[in-house]
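Novice: Structure provided below as structure tokens; questions to follow.
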Amino acid sequence: MAKPLPLAPRLPTRRVRILTGIFLAAVIAFFGLGLSLGELIPRDSGFQLVLEFFSASVQPAFTYQNSEGLPSDISPFLFKVGRGLWTTLTYAVAAMSLSLIGGMVLGLFASASFWERRHPAWATFRWTVRVLIAAMRSVHELLLALVFLATLGITPGAAVLAIAIPYSGTLAKVFSEMLDESPREAADALSYLGAKPLQVFLIGRFPRALPDIAAYSFYRLECAVRSSAVMGFFGFTTIGLYLRQSFENLHYREVWTYLYALIVVVLILEVWSAHLRRRFVA
Amino acid sequence: MSDRLAQVEALRKSRPRSRLIRWSAMLAVVCSVLVWLTSDISLADMFSTKRLGHLDRFITNDMLPAKLRGDAFTWGGLGDWCGEQFQLNGARAMLATLCISVLAIVLAAVAGAMLGAFGARNLMSAHPFLPHATVGHGDCSHWLDRVAQFTRLICILLRAVPEYIWAYLLLAMLGTSAWPAVLALAIHNAGILGRLAGETIENLPSQPLRALSMAGGTRRDVAVVGVFPMALGRYLLYFFYRFETCVREATVLGMLGVVSLGYYVIEARAHGQYSTMLFLIFLGGLLVMLADIVSDVARRWLQKGI
């Protein structure tokens, strides 16, 4: 006989409980911050600014919005945008190249599959690396940039290193998970044939995770571009610096040019990485 | 034997290869090398004598609280000082940061779920889930397909602009309260969660949804009764994954003048209290690690069952 369908109300499932918890937390946070919905409506000057700012979105600037008082030999506005973008990209690429090395090394050491078939005492080392990774990830790149500014002064290397440290941590964490989740049949087969642990890992395991690793790295490059853009708010010459200056001078059309430029770069990287992922999966 | 080797070689040669992947990898390597060789970025400059002098002064002097400098340093004194700082601003800063990120991620999740539903091409087609409707092929000229395209474009715009810049712009419009930070985080994450939700919906197994549709369910019926419960589990995993990034990001948004941890960090820096600054940054790190653990535990708990 088929089991009868439950008629009595069931206990809330895990998902219902977690949803309830989440919404309760949001309500507590709302009152904890002392927020009111009225503050969401911009007042007088704020409202004027909203109007001006968003009406500027349909006509981004292609030349300086206010050329009075500018030196006559100043380079054209679009050059400035290009220079800002270029610096943003160079910081991002430099930071990513460091993070890839750091993330790969730490990711190997933090993964369980690398230490398989080895002495169990290595587990301690693996956990030390994992804690190190968590610590690296926990401090935001802007806070690190502040520390470097305070200790070393302003230099492009400070921005690059500030981005590279947390990014190495994130890459290492994700790489180690990808390595551990990669299919293990080939590795097991190699191991039964008598291959050494390192051979098993490098030939049987690592290549299986490589597509995921590459796809994720590209996604992180996109994030690095955003981080490097924001570094401009601290005086580095990335696009954030110019955006802030234009906004403070109330040149909203210039602000939109910078925003659109950033969006286009991010978009290109996203389309590119989407295509890469499709090739890998196919 | 050589026959076998030839077979292996033939197998190797016939492996799937993509020009795009190879060119991308090469471009990545070349760009990295060029950036280090040609731009003004130099790690050596970071450790020049001048900067090392800076660093030395920072470590021996600025880094410690004024009353603990030089011979007056004791670990007990440092512990007491940390306790004082924690009570003064630290606890408040951590709590505000946490509240901002919780509220932001919940708003983002609600908005992201909507964006995901309207951006999913299988749901937003002329005949959702019916056998003759195939995603990505055939006629995509129905107005609902346009809705899906437009929603996806919105998602891209929302997530392409960093949270910090959203917060900076919103702060000028809304004035000083926690809203700019909350909204900035919510907007950026709604773009990300919207895309992830859309992908989740598109990857759902189509049979149960088709059954609902063929039994006469409208698009809304299928969405509420079929798509939502089926996609919820995975969406919650993404939710917790974004939550930890949200906490991390919330720590810095305060630097614009909102009361999160970053605000007190900037304050301390402006007053030259580098010891306080470092301690607050340390607290921020602790908070992020805690959020990391919470999100990890929640995800594991969710994966164990519904």
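The values are calculated or read from the model by the stated rules, or taken from the named source; none is laboratory data. None of these values were measured; they are calculated from a predicted model. When we count neighbours, we look across all protein chains shown, and the Cβ atoms used for this are built from the backbone with ideal geometry, even at glycine. Just so you know, the surface numbers come from the protein's heavy atoms only, side chains and all, with ligands and any DNA or RNA stripped out. Shrake-Rupley method; radii C 1.70, N 1.55, O 1.52, S 1.80 Å.
Novice: Among the aliphatic types (A, V, I, L, M) and closer than 30 Å to A:T20 by Cβ: which single residue out of B:L286, B:L256 fits that description?
Specialist: On the way: B:L256 fails: closer than 30 Å to A:T20 by Cβ.
Within the list B:L286, B:L256, the selection yields B:L286.
Novice: Let me ask something else about it. With the condition kept exactly as written, say whether any residue in region B:227-245 is more than 30 Å from A:K173 (Cα to Cα) and either open to solvent by less than 20 Å² (accessible area, probe 1.4 Å) or touching a helix residue (DSSP H, G or I) at 6+ places or on another chain (Cβ under 6 Å) (or both).
Specialist: yes
Novice: Check off (1) more than 10 Å from chain A (Cβ to nearest Cβ); (2) surrounded by fewer than 17 Cβ atoms within 10 Å (Cβ to Cβ); (3) not in a helix (DSSP H, G or I) for B:V224 and give me the number that stays unchecked.
Specialist: (3)
Novice: Across region A:99-121, what is the total count of residues that are more than 25 Å from B:I293 (Cβ to Cβ) and either under 15 Å from the mean Cα position of the chain (by Cα) or crowded, with 22+ Cβ neighbours inside 10 Å (or both)?
Specialist: Result for region A:99-121: 1.
Novice: Considering A:T63, A:T124, which residue is assigned to a loop (DSSP other than H, G, I, E, B), out of contact with any Cys (no Cβ under 8 Å at 6 or more places or on another chain) and open to solvent by 30 Å² or more (accessible area, probe 1.4 Å)?
Specialist: Testing whether each residue is assigned to a loop (DSSP other than H, G, I, E, B), out of contact with any Cys (no Cβ under 8 Å at 6 or more places or on another chain) and open to solvent by 30 Å² or more (accessible area, probe 1.4 Å) leaves just A:T63.
Novice: Going by the conditions given, is A:L49 at pLDDT below 85, surrounded by 12 or more Cβ atoms within 10 Å (Cβ to Cβ) and within 8 Å of chain B (Cβ to nearest Cβ)? Quick ask: steps written out before the conclusion?
Specialist: On the way: at pLDDT below 85: yes; surrounded by 12 or more Cβ atoms within 10 Å (Cβ to Cβ): yes; within 8 Å of chain B (Cβ to nearest Cβ): yes.
Answer is yes for this residue.
Novice: Report, by residue number, each residue of region B:247-262 that is in a helix (DSSP H, G or I) and buried (at least 24 other Cβ atoms within 10 Å of the Cβ). Can you show your working first?
Specialist: Keep residues of region B:247-262 that are in a helix (DSSP H, G or I), which gives B:247-256, B:261-262.
B:V247, B:R248, B:E249, B:A250, B:T251, B:V252, B:L253, B:G254, B:M255, B:L261, B:G262 - these are the residues of region B:247-262 that are in a helix (DSSP H, G or I) and buried (at least 24 other Cβ atoms within 10 Å of the Cβ).
Novice: Quick check on region B:65-78. Is at least one of its residues under 33 Å from the mean Cα position of the chain (by Cα) and either more than 12 Å from chain A (Cβ to nearest Cβ) or part of a helix (DSSP H, G or I) (or both)?
Specialist: Our first condition is that a residue be under 33 Å from the mean Cα position of the chain (by Cα); within region B:65-78, this holds for none.
Checked against the condition, which is being under 33 Å from the mean Cα position of the chain (by Cα) and either more than 12 Å from chain A (Cβ to nearest Cβ) or part of a helix (DSSP H, G or I) (or both), region B:65-78 yields no hits at all.
Novice: Is it true that B:I21 is at the interface with another protein chain (Cβ under 7 Å from one of its Cβ atoms), in a loop (DSSP other than H, G, I, E, B) and either within 28 Å of the chain's Cα centre (by Cα) or of a type in the set (A, V, I, L, M) (or both)?
Specialist: Taking the combined requirement at face value, the residue does not satisfy it.
Novice: Among the residues of region A:247-262, count how many are open to solvent by less than 20 Å² (accessible area, probe 1.4 Å) and within 20 Å of A:L89 (Cα to Cα). So that I can check it myself, show each step before the final result.
Specialist: Step one: filter region A:247-262 for residues open to solvent by less than 20 Å² (accessible area, probe 1.4 Å), giving A:247, A:252, A:254-255, A:257-259, A:261-262.
Still in the running and within 20 Å of A:L89 (Cα to Cα): A:254-255, A:257-259, A:261-262.
Result for region A:247-262: 7.
Novice: Which members of region B:270-284 meet the condition of being free of Cβ contacts under 8 Å to residues at least 60 places away in the same chain and crowded, with 20+ Cβ neighbours inside 10 Å?
Specialist: Answer for region B:270-284, where residues must be free of Cβ contacts under 8 Å to residues at least 60 places away in the same chain and crowded, with 20+ Cβ neighbours inside 10 Å: B:M277, B:I281.
Novice: Being touching a residue at least 12 places away in the same chain (Cβ under 8 Å), among the β-branched types (V, I, T) and surrounded by 19 or more Cβ atoms within 10 Å (Cβ to Cβ) is true for just one of A:I154, A:I165. Which residue is that?
Specialist: When all the criteria are applied, what remains is A:I165.
Novice: Give region A:127-146 a look and list any residue that's buried (at least 21 other Cβ atoms within 10 Å of the Cβ) and either within 13 Å of B:R51 (Cα to Cα) or over 22 Å from the mean Cα position of the chain (by Cα) (or both), or say none.
Specialist: none
Novice: Here's a follow-up. B:P16 versus (1) open to solvent by 100 Å² or more (accessible area, probe 1.4 Å); (2) at the interface with chain A (Cβ under 7 Å from one of its Cβ atoms): which is the lone unmet condition?
Specialist: Here B:P16 clears every test but (2).
Novice: While we're on this one: With a cut-off of at least 1 residues that are within 14 Å of chain A (Cβ to nearest Cβ) and closer than 21 Å to A:L262 by Cα, name the helices (runs of 4 or more DSSP H) lying wholly within region B:142-218.
Specialist: Numbers: elements: B:143-160, B:163-174, B:179-202, B:206-214.
Helices (runs of 4 or more DSSP H) meeting the threshold: B:143-160, B:163-174, B:179-202.
Novice: Let me ask something else. Looking at (1) within 14 Å of chain B (Cβ to nearest Cβ); (2) hydrophobic (A, V, I, L, M, F, W, C); (3) part of a helix (DSSP H, G or I), find the lone condition where A:V105 falls short.
Specialist: (1)
Novice: Within region A:202-219, which residues are open to solvent by less than 40 Å² (accessible area, probe 1.4 Å) and either of a type in the set (D, E, K, R) or over 28 Å from the mean Cα position of the chain (by Cα) (or both)?
Specialist: Hits for region A:202-219 are A:G204, A:R205.
Novice: In region A:263-278, is there at least one residue being in a helix (DSSP H, G or I), under 24 Å from A:F53 (Cβ atoms) and touching a residue at least 60 places away in the same chain (Cβ under 8 Å)? Break it down stepwise before answering.
Specialist: Going residue by residue through region A:263-278, those that are in a helix (DSSP H, G or I) are A:263-278.
Okay, now just the ones that are also under 24 Å from A:F53 (Cβ atoms), so A:263-267.
Next, from what is left, pick out any that are touching a residue at least 60 places away in the same chain (Cβ under 8 Å): A:265.
So far as region A:263-278 goes, yes, one or more of its residues are in a helix (DSSP H, G or I), under 24 Å from A:F53 (Cβ atoms) and touching a residue at least 60 places away in the same chain (Cβ under 8 Å).
Novice: Can you pull out the residues in region B:255-266 that are at pLDDT 90 or above and more than 9 Å from chain A (Cβ to nearest Cβ)?
Specialist: Those that are at pLDDT 90 or above and more than 9 Å from chain A (Cβ to nearest Cβ): B:Y263, B:Y264.
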